[in-house]
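Asks: After the structure tokens below, expect a handful of questions from me.
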Amino acid sequence: MKSNDEIHTVPFTQRFSLTPKEASIYFHIGEKKIRALAAEQCGASFAVYNGRHLLIIREEFEKFLCRSSSI
């Protein structure tokens, strides 16, 4: 088992999906707003649920933001 010093985390820019908290840090958008966008965009390509847990597909959310004039 690795010690805490040896554990490496993948940077946000290299991750496929982010939690709403991670996405709020990465995109500088509030966590509640990200959850609201996922809820109100039915069939949104950027939102995936693992059971009850929301995950944001980073690249798809970037495309969504580029297409949107306001959120």
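Only the coordinates and a few stated rules stand behind these numbers; no lab work does. Worth saying up front: this structure is predicted, and the values here are computed from it rather than measured. Positions of Cβ are backbone-derived with ideal geometry, glycine not excepted, and every protein chain shown enters the neighbour counts.
Asks: If I ask for residues that are under 9 Å from the mean Cα position of the chain (by Cα) and either part of a helix (DSSP H, G or I) or among the hydroxyl-bearing types (Ser, Thr, Tyr) (or both), which ones from the stretch 34-58 would you list?
Replies: Filtering the stretch 34-58 down to residues under 9 Å from the mean Cα position of the chain (by Cα) leaves 34, 46-47, 54-58.
Result: Ile34, Arg58.
Asks: Among the residues of the stretch 2-15, are any surrounded by 11 or more Cβ atoms within 10 Å (Cβ to Cβ) and assigned to a loop (DSSP other than H, G, I, E, B)? Break it down into steps so the answer makes sense when it comes.
Replies: Restricting attention to the stretch 2-15, the residues satisfying the condition of being surrounded by 11 or more Cβ atoms within 10 Å (Cβ to Cβ) are 12, 15.
Cutting the leftovers down to assigned to a loop (DSSP other than H, G, I, E, B) gives us 15.
Looking for residues that are surrounded by 11 or more Cβ atoms within 10 Å (Cβ to Cβ) and assigned to a loop (DSSP other than H, G, I, E, B), one finds at least one in the stretch 2-15, hence yes.
Asks: Return a yes/no flag: does the stretch 21-33 have any residue that is touching a helix residue (DSSP H, G or I) at 6+ places or on another chain (Cβ under 7 Å) and in a strand (DSSP E or B).
Replies: Checked against the condition, which is being touching a helix residue (DSSP H, G or I) at 6+ places or on another chain (Cβ under 7 Å) and in a strand (DSSP E or B), the stretch 21-33 yields no hits at all.
Asks: Go through (1) surrounded by fewer than 10 Cβ atoms within 10 Å (Cβ to Cβ); (2) more than 14 Å from the chain's Cα centre (by Cα); (3) not charged (D, E, K, R) one by one and return the number of the condition His28 breaks.
Replies: His28 satisfies every listed condition except (2).
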